[in-house]
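Here the structure is laid out as structure tokens; the discussion comes afterwards.
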Amino acid sequence: MFRLPCFLAAYYSLLSWAQLTVHKTEQKRYPIENKLINESSGLACSTREKKVLWTHNDSGHMPIIYALNHKGKDLGAFHLDDVQSYD
């Protein structure tokens with residue numbers, strides 16, 4: 001009978017310690033600087049440059065991919081020749 005209260009005390013002590021050691025990640029939002037990106041339909045991390053993201057607009061727009069950084073700053077655009085844009 002003495003074991004159950006000791007177990008519960010240890011269990012709750014461990015739970016409160018675990019809650020103190022969990023780190024919450026802060027989420028931030030940044031606007032996309034390039035106003036030509038008005039219907040971003042995808043987002044990919046660059047395989048060559050760690051700080052570059054690629055996006056494109058939804059179908060109905062020109063076949064262009066846009067480079068931006070993680071804060072939405074415009075890094076450039078590339079027109080894709082002989083490509084149709086569709087979802």
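Descriptive notes on the structure:
- Using the Cβ-Cβ distance between residue 45 and residue 84 with R0 = 25 Å, the FRET efficiency computed as 1/(1 + (r/R0)^6) comes to roughly 0.55.
- Under Stokes-Einstein, with the Kirkwood radius over Cα pairs as Rh, the value for region 31-87 at 20 °C and 1.002 mPa s is 186 µm²/s.
- Of 86, 30, the sequence from fewest to most neighbouring Cβ atoms within 10 angstrom is 86, 30.
Here, each number is a calculation from the coordinates, and none is a lab measurement. Quick caveat: nothing in here was measured; it's all calculated off a predicted structure. Positions of Cβ are generated from backbone atoms using ideal geometry, with glycine treated the same way; all protein chains shown enter the neighbour counts.
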